[in-house]
Amino acid sequence: MTSDKATDRLKWLLKALRESGFLPLRVYEPWSRFERCIRNGVERERIWIATNLVEALADVLSGTKASKIRISIDLNSESYAIAIYDYKNQCIYHDFASMSFPSNLLSDVGFNEDERNALHQKWRISLRKLYNSNKGLLLQPLNKVDLSYLDFMSRVIRNAFPQFIVAIETPKPVPTSFLEASNSQYRADSVLSWLKSLKGKWDFVLGIIPEDICIPGMDCPFLIHDKPAFARVAILSLGMLGYPSERRSLIEERLKKQTLHIVGHFLGLPDCKNDYCVMSEAESLEDLDSKSSSFCLRCLARLLPGRYIQSEG
Ligand SMILES: [Zn+2]
Ligand SMILES: [Zn+2]
């Protein structure tokens, strides 16, 4: 998506929110600073932060008694805090995402010092829980896949998710009965259920195959997993990420995105509508190359312990 299109989309979303009638949308600084950025031209990554926020708001607003919203964004650290208040001025929803605790942003959206301290305490506890609960992921090389790519994947996962224990299994040949008779592609659904039987004590299994994978009647997908979110088993085709003659750095970049995308699904993220986010669905190499290898703030917020939904009253 071009920057212009993203700006149009953002304006449209803001307008739709303002026109939704029951909601007097009040946008506080530094949002207005952001609106100035749009006029002056701003990188598309940053526009995405804002469109994410507005989409997240649209999600939570239906069916609530929201009467006031406060948003605070720090464009430099790409962090945000949102608070939604009801007509009694009680906070009925809040959400924040940041790599460190965004105390100043929370005070911007109306939390007093005691509330911030209480949130900080909760945040610390859930952060500790998150990083102390180890997850075991088995990388299963299939057929004659180049093993150096598995070392690369293992590094990618451990860098992004320190709580993961990653093991690389010895390579296994895929039963030839899983080959489609008409061509040299493997039936992804059959390989997936076979991989499931190899999972054993591991939380997740990710199989990597050099050949193409397919599901009859569908376009060839790059990767297949058992469930849209909280997947346990997945398979990805290395061969479909490019010809072996292509630059290794290009193949690695694509593999990194695919690996993080899969781990996102393992951790409960669904596909993301943000084209820039690593969790957006890539249907072609072009899609894959144009998205980033980072999680958008909205996806990040689901992975970080910042998201609380308060019950009303
Ligand atoms: Zn996906
Ligand atoms: Zn996302």
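The values are calculated or read from the model by the stated rules, or taken from the named source; none is laboratory data. Note that the structure is a prediction, hence the values are computed from the model and not measured. When we count neighbours, we look across all protein chains shown, and the Cβ atoms used for this are built from the backbone with ideal geometry, even at glycine. Heads up: the accessible areas ignore ligands, DNA and RNA and are worked out on the full protein's heavy atoms, side chains in. Shrake-Rupley method; radii C 1.70, N 1.55, O 1.52, S 1.80 Å.
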Exercise for review: Give me a count of the residues in segment 256-279 that are part of a loop (DSSP other than H, G, I, E, B) and within 12 Å of ligand 2 (Cβ to nearest atom).
Suggested key: 10
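Checking the structure you have, find out if any residue of segment 162-170 is farther than 28 Å from LEU303 by Cβ and either assigned to a loop (DSSP other than H, G, I, E, B) or open to solvent by 50 Å² or more (accessible area, probe 1.4 Å) (or both).
Restricting attention to segment 162-170, the residues satisfying the condition of being farther than 28 Å from LEU303 by Cβ are 170.
After this cut, where a residue has to be either assigned to a loop (DSSP other than H, G, I, E, B) or open to solvent by 50 Å² or more (accessible area, probe 1.4 Å) (or both) as well, the list is 170.
Within segment 162-170, one or more residues are farther than 28 Å from LEU303 by Cβ and either assigned to a loop (DSSP other than H, G, I, E, B) or open to solvent by 50 Å² or more (accessible area, probe 1.4 Å) (or both).
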Practice item. State whether the residues of segment 294-309 include one that is within 16 Å of ligand 1 (Cβ to nearest atom), at pLDDT 80 or above and surrounded by fewer than 21 Cβ atoms within 10 Å (Cβ to Cβ). Key: yes
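Limited to segment 179-212, what total is found for residues that are part of a strand (DSSP E or B) and touching a residue at least 60 places away in the same chain (Cβ under 8 Å)?
Step one: of segment 179-212, the residues part of a strand (DSSP E or B) are 179, 186-187, 204-209.
Still in the list and also touching a residue at least 60 places away in the same chain (Cβ under 8 Å): 204-209.
Result for segment 179-212: 6.
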Exercise for review: Would you check if there is a residue in segment 242-250 being at pLDDT 85 or above and part of a strand (DSSP E or B)?
Suggested key: no
Check your understanding: If you scan segment 92-146, which residues turn out to be open to solvent by 20 Å² or more (accessible area, probe 1.4 Å) and part of a loop (DSSP other than H, G, I, E, B)?
Key -> MET99, SER100, PHE101, GLY110, ASN112, SER133, ASN134, ASN143, LYS144, ASP146
Revision key, fill the gap. Note on LEU150: of the conditions (1) over 20 Å from the mean Cα position of the chain (by Cα); (2) open to solvent by 40 Å² or more (accessible area, probe 1.4 Å); (3) among the hydrophobic types (A, V, I, L, M, F, W, C), unmet is (2)
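Residues being aliphatic (A, V, I, L, M) and surrounded by fewer than 17 Cβ atoms within 10 Å (Cβ to Cβ): count how many of those fall in segment 233-284. Spell out the reasoning first.
Taking segment 233-284 as the starting set, the residues that turn out to be aliphatic (A, V, I, L, M) are 233-236, 238, 240-241, 250-251, 255, 260, 262-263, 267, 269, 278-279, 282.
Checking which are surrounded by fewer than 17 Cβ atoms within 10 Å (Cβ to Cβ) leaves us with 250.
The total comes to 1.
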